[in-house]
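Trainee: Below are the structure tokens for one structure; questions will follow.
Where a number appears in this text, it was derived from the coordinates with a stated rule and is not lab data. The shown structure was predicted, so the numbers you read here are calculated from the model rather than taken from an experiment. Cβ coordinates were reconstructed from backbone atoms using ideal geometry, including for glycine residues, and neighbour counts include every protein chain displayed.
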Amino acid sequence: MKAIQILMDEALLRDLDQEARRRGTDRSKLIRMASARLLRDLRRRDLEARHRRGYLGKPQGDDELRAWEEVQEWPET
């Protein structure tokens, strides 16, 4: 791992330390976990936005779904 320096508001730092103690971990691990989650969420949002733009640019026609409706199987209830 590589050590870095960041500037952080004192209140946020205090809250991070408090949460790290509550979870039985350290500040660095908590920040790594939060950073990884943020990156996953941002990537997911980017993909969703790309999909949305794609479907808005070329909307799905009614005939596209009809073929799937004919072959799908619904479970017996």
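Trainee: For the stretch 38-77, which residues satisfy the criterion of being in a helix (DSSP H, G or I) and more than 26 Å from the chain's Cα centre (by Cα)?
Mentor: Selection gives Asp62, Asp63, Glu64, Leu65, Arg66, Ala67, Trp68, Glu69, Glu70, Val71.
Trainee: Additional query: How about the stretch 1-37: which of its residues are charged (D, E, K, R), surrounded by 10 or more Cβ atoms within 10 Å (Cβ to Cβ) and assigned to a helix (DSSP H, G or I)?
Mentor: Across the stretch 1-37, the qualifying residues are Arg14, Asp15, Asp17, Glu19, Arg21, Arg23, Arg27, Lys29, Arg32, Arg37.
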